[in-house]
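Enquirer: Handing you this structure, nothing more for now.
The values are calculated or read from the model by the stated rules, or taken from the named source; none is laboratory data. All figures in this text were calculated on a predicted structure; none of them were measured in a lab. Counting neighbours? That spans all protein chains shown, and the Cβs are built from the backbone with ideal geometry, glycine included. Calculation scope for accessible area: heavy atoms of the full protein, side chains included, ligands and nucleic acids excluded. Shrake-Rupley method; radii C 1.70, N 1.55, O 1.52, S 1.80 Å.
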Amino acid sequence: MPTPEASVLDKAAGENFPVALRVLPVRVRRQLNALYCYARYVDDLGDEAPGDRTVALLEVAAQVRRLYDDADGADGASVTDPVVAGLWPMVAELGVPADPFLRLVEANLVDQQVTRYTFTELLDYCRLSANPVGEVVLHIFGAATPERIEMSDHLCTGLQLVEHWQDVAEDRRRGRVYLPQEDLRLFGVREQDLDAPRASEAVRALLAFETGRALACLEAGALLLPSLRGWARLAVSGYLAGGRAAAAAIARAGYDTLSATPRAGRRQVAAAWLRASVRSPG
C-alpha cells in the first residue's frame, strides 16, 4: 500500500510546474517534495476526505503546531501525521515559520464554507491557498526577504488563477465557482452556462479576460527572477514558465475549458522555461 507521501507525489506529473527539478541538490529536492506533499495533502483533505473535513483539517493544523512546539529541542517525534512530520527538516535546518503552513490549512477551511467570490475576495483566497508556497520555496533557497516574498506573491497568485481557469468545469462539479461574481454579470454569463459541454462565446470572452489578469500577475512576479541566482533562479523560472505555458494552452483551446482541461505539454513548458531563464534581466 503506498504511503501518503508517495500517493501525493504521483500527482505531481499533472502540475503546471516542475515540483522538484532532478538537477537540484538532493537536500533541496527533498524539501521541495516535502512542501509539495504537504500542500497537496491538505488540498486533498479539503476536497476529498471522507467524514468531517473541517475536523481533519483542524487536526493537521494541530499537528503543525505540535511540530513547532517540538522545535525547541525535540525531533518532531510527537507528530503522528507522516506528511506533517516530513516538514521537520525545514523547521529544524532552515527555520521556516509556521504561518505559511497554517495558511494553507486555512485556505481549505475557507473552501468548506465559501463557494463564490468577488475578484477582491479571490485575491484574498490566493493569499492563503497559493502565496504561502512561494514563501516557503524562498526559505528553502535561503532567499526569503520581504521584497522577494511580495514579488513571489504575485507569481503564486498568477499560478493559482491560471489553475482555476483550467479547472472551471471540475470546480463547478464540486459546487464551487471561482470566476468572480461581478465578472460573470459583466460578461452576461450565468452559472448554468458553466455546466455546458463546451464554452459559449460569452464564457470564452470571460475566460480570455480572466486569463489576461492571471498573466499580468505572472509578469509582475517575473520581476523576482533578477534578484535570484543559481538554483533558486532556475527553480523559480520553472514555476513562471509553467504558468505561462498553461495560460498559452488555455488560449490555444480558444478559452474553452469546459469541454476539456487544457494542459501544456513538456515541450511547451521547456520552451517557456528557456525563455524565462534567458530573457529575464539580471
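Enquirer: Listed highest first by mean packing, meaning other Cβ atoms within 10 Å per residue, what order do 135-146, 195-206 come in?
Expert: 135-146, 195-206
Enquirer: Shifting gears a bit: Using only alpha carbons, build the gyration tensor for region 105-190 and give me the equivalent ellipsoid semi-axes, biggest first, whole Å. Don't jump to the answer; show the numbers that get you there.
Expert: Working: eigenvalues 147, 36, 23 Å².
In descending order, the three semi-axes are 27, 13, 11 Å.
Enquirer: Right, here's the next one. Using a 1.4 angstrom probe on the protein heavy atoms only, could you order 149, 250 from most to least accessible area?
Expert: Descending order: 149, 250.
Enquirer: For a distance above 21 Å, tell me the whole-number percent of Cα pairs in region 75-149 that qualify.
Expert: Numbers: 1018 of 2775 pairs.
Counting pairs separated by more than 21 Å, the tail of P(r) holds 37 percent.
Enquirer: Any idea how far the Cα center of region 220-234 sits from the one of region 162-203, in Å?
Expert: Centre-to-centre distance over Cα atoms comes out at 33 Å.
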